[in-house]
Amino acid sequence: MIDAGQTSTQPAGMSSTGVLSRISRVAGRLAGPFVDLVLPSVCAFCGEYHQPSDSLEFNRDSIRLCNDCVGSFLKDTREACHRCGRPVGPYSSDTTAGCVICRPTRQRYKEVIRIGTYDDELRTACIRSKSRGSEPLAAALGDLLFCEQRERLQAIDADVIVPVPQHWLHWFTRPHHSALTVGDRLSKHLQIPLRDGLVHKVRHTADQSGLNRASRLKNLHRAFRVSPLRRVAGKRILVVDDILTTGSTANEMSRALRTAGAKHVAVAVIAIVR
Ligand SMILES: [Zn+2]
Ligand SMILES: [Zn+2]
């Protein structure tokens, strides 16, 4: 695997592997999924090609990631808290009601499901999946989330999947919305309808990344509103985002959904910030 933070480079004196990778990549852009029938898949993260037999389990679900990249995303094998998603120690007991960190906090969503923590290669992948032309990477991460957490995602028994919305102004400045792409993949795998538009972001808010916890809460206060045209009462809802940082966004989304009568709100993300 090449360094996770870099795109694939072609060495001087191109090897047959490099030639095949280049052909597959270019052809993939031109002809899309049809090329997979005749050429190996290109990993959406490192850009290297991989044969379907490399990773039969994952290819069965059409994940466009190579074994090395999948391994790097899943290298943290610690148990996660059922409620907040943070890693917990090996001797932690049932965390359905939370861990020592999240139990004292008021959390409006019931549980968090994720691939891993926002570190190393998974962090790089999350950042890159927001950039222009990176829909295949966001989709591949959504596929991996499903494969890794299939049982828990199915156990939610959600009625609808709702991606965390962005304010309409962001559609002009952000090339694509990775939460929507991840939500779309989960919707297809779980056979649960995706309801983009069930919740609107009604206020344009400051970028959360530079704010502390208190400022984040204030920044997002009542920023989300459930569409009056949609019935939410009694529904079980799976909220999808790419990264869970302090949980402020998920909490505000959940507050809006619970106020509208939602019975259960769970959150699925690619990575969680420890
Ligand atoms: Zn790869
Ligand atoms: Zn916890």
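Scanning region 65-91 for residues that are touching a residue at least 24 places away in the same chain (Cβ under 8 Å), assigned to a loop (DSSP other than H, G, I, E, B) and either within 15 Å of ligand 2 (Cβ to nearest atom) or within 12 Å of Ile101 (Cα to Cα) (or both) yields a count of 6.
Applying a threshold of 9 Å to beta carbon distances and a minimum spacing of six or more residues, or different chains, the list of pairs starting in region 254-274 at a residue that is without any contact (Cβ under 8 Å) to a residue 40 or more places away in the chain and ending at one that is among the hydroxyl-bearing types (Ser, Thr, Tyr) and not in a loop (DSSP other than H, G, I, E, B) reads Ala262/Ser254. Selection over region 109-125 of residues that are farther than 24 Å from Glu151 by Cβ and assigned to a loop (DSSP other than H, G, I, E, B) gives a count of 1.
The number of residues in region 184-205 being at pLDDT below 80 and surrounded by 12 or more Cβ atoms within 10 Å (Cβ to Cβ) comes to 3. Consider Leu141 against the criteria (1) out of contact with any strand residue (DSSP E or B) (no Cβ under 9 Å at 6 or more places or on another chain); (2) touching a residue at least 40 places away in the same chain (Cβ under 8 Å); (3) not charged (D, E, K, R): it satisfies all of them except one. Which criterion is unmet? Answer for Leu141: the failing condition is (1). Return the residues of region 82-117 that are touching a helix residue (DSSP H, G or I) at 6+ places or on another chain (Cβ under 7 Å), β-branched (Val, Ile, Thr) and under 14 Å from Gly247 (Cβ atoms); say none if nothing qualifies. Passing the criteria: only Ile113. Within region 147-167, the set of residues being over 25 Å from Leu65 (Cβ atoms) and among the charged types (D, E, K, R) comprises Asp157, Asp159. Taken together, the residues in region 126-136 that are part of a helix (DSSP H, G or I) and over 10 Å from the mean Cα position of the chain (by Cα) amount to 4.
The values are calculated or read from the model by the stated rules, or taken from the named source; none is laboratory data. All values reported here derive from a predicted model rather than from experimental measurement. All Cβ positions, glycine included, derive from the backbone under ideal geometry; neighbour counts span all protein chains shown.
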